[in-house]
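Chemist: The structure is given below, and queries will be raised subsequently.
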Ligand SMILES: CC(C)(COP(=O)(O)OP(=O)(O)OC[C@H]1O[C@@H](n2cnc3c(N)ncnc32)[C@H](O)[C@@H]1OP(=O)(O)O)[C@@H](O)C(=O)NCCC(=O)NCCS
């Protein structure tokens, strides 16, 4: 059997995560729990950005997926080590999203030797997706 190293030698990539979510799940959570759900999962900037859209749900769902994808890239899932508000999706002027980690999670990222994350988002009417690539410090 051929075995492969976990990471190619010399790479700066230290993790990858992907996630998809039904937009209807986010829509239902907003309808049922409103601000309590929004402020548990999304930063004020993320909320403002998405709530300004005609239909905020796909935008919020993509950000939800980004947080779960980052938690997979880190190998933690969403929990005590890495929470919903530990990754914020911000936007370049050209529309490209980028990831900003919270100050609280920085010690854990240092421990993981993670410096930054690349991310890409996609949303249809029904499904939102995100992929995150974790880069070495
Ligand atoms: C890890 C987590 C993000 C997985 O997401 P999910 O939506 O439950 O499931 P998905 O179908 O997207 O992903 C499942 C895959 O994630 C991967 N996965 C599971 N735990 C993982 C971990 N710790 N690190 C990396 N990848 C992991 C596995 O490959 C799994 O597929 P498999 O079991 O077939 O191998 C999820 O368990 C989690 O932490 N969710 C937070 C849930 C929560 O708090 N919800 C409340 C909403 S307010």
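Chemist: Name the residue, out of 83, 34, 95, whose mean-square fluctuation peaks in a Gaussian network model built on the chain with Cα pairs under 10 Å.
Modeler: Of 83, 34, 95, the most mobile in the Gaussian network model is 95.
Chemist: Which residues does a label at residue 81 reach in region 94-137, if reach means a backbone N under 18 Å from a point 7 Å past the Cα toward the Cβ?
Modeler: 101-117, 132-137
Chemist: Per residue, how much space in cubic angstrom lies within the convex hull of the C-alpha atoms of region 72-130?
Modeler: Numbers: hull volume 5.9 nm³, N = 59.
About 100 Å³ per residue, rounded to a whole number.
Chemist: Choose one answer from 27, 53, 63: the residue with the largest mean-square fluctuation in a GNM of the chain with alpha-carbon springs under 10 Å.
Modeler: Maximum among the listed residues: 53.
Chemist: Quick one: if you take sqrt(5λ) for each eigenvalue of the C-alpha gyration tensor of region 1-64, what semi-axes come out, biggest first, whole angstrom?
Modeler: Working: eigenvalues 254, 38, 21 Å².
Its equivalent ellipsoid spans semi-axes of 36, 14, 10 Å.
Chemist: Roughly how tilted is helix 23-41, in degrees to the nearest 10 and between 0 and 90, from the longest Cα axis of the chain?
Modeler: Long axis of 23-41 versus the principal axis of the chain: about 80 degrees.
Chemist: Would you order 80, 137, 72 from fewest to most other beta-carbon atoms within 10 Å of each residue's own beta-carbon?
Modeler: Numbers: 80 8, 137 11, 72 19.
Arranged by neighbour count, lowest to highest, 80, 137, 72 become 80, 137, 72.
Chemist: Here's another thing I want to ask about it. Treating the chain as a set of equal point scatterers at the Cα positions, no solvent, please give the Debye-formula log₁₀ I(q)/I(0) at q = 0.10, 0.22 Å⁻¹.
Modeler: Per q value, in the given order, log10 I(q)/I(0) is -0.33, -1.37.
Chemist: Report, to the nearest 10°, how far helix 56-74 tilts away from the longest principal axis of the Cα atoms in the chain, using its own Cα long axis and a range of 0 to 90°.
Modeler: 20
Chemist: Let me ask you something else. Would you mind ranking 14, 26 by Cβ crowding within 10 Å, fewest neighbours first? Write out the running numbers ahead of the final one.
Modeler: Details: 14 19, 26 26.
Placing the least packed residue first, the sequence is 14, 26.
Computed from the coordinates by the stated procedures, all read-outs in this text should not be read as laboratory data. The shown structure was predicted, so the numbers you read here are calculated from the model rather than taken from an experiment. Cβ coordinates were reconstructed from backbone atoms using ideal geometry, including for glycine residues, and neighbour counts include every protein chain displayed.
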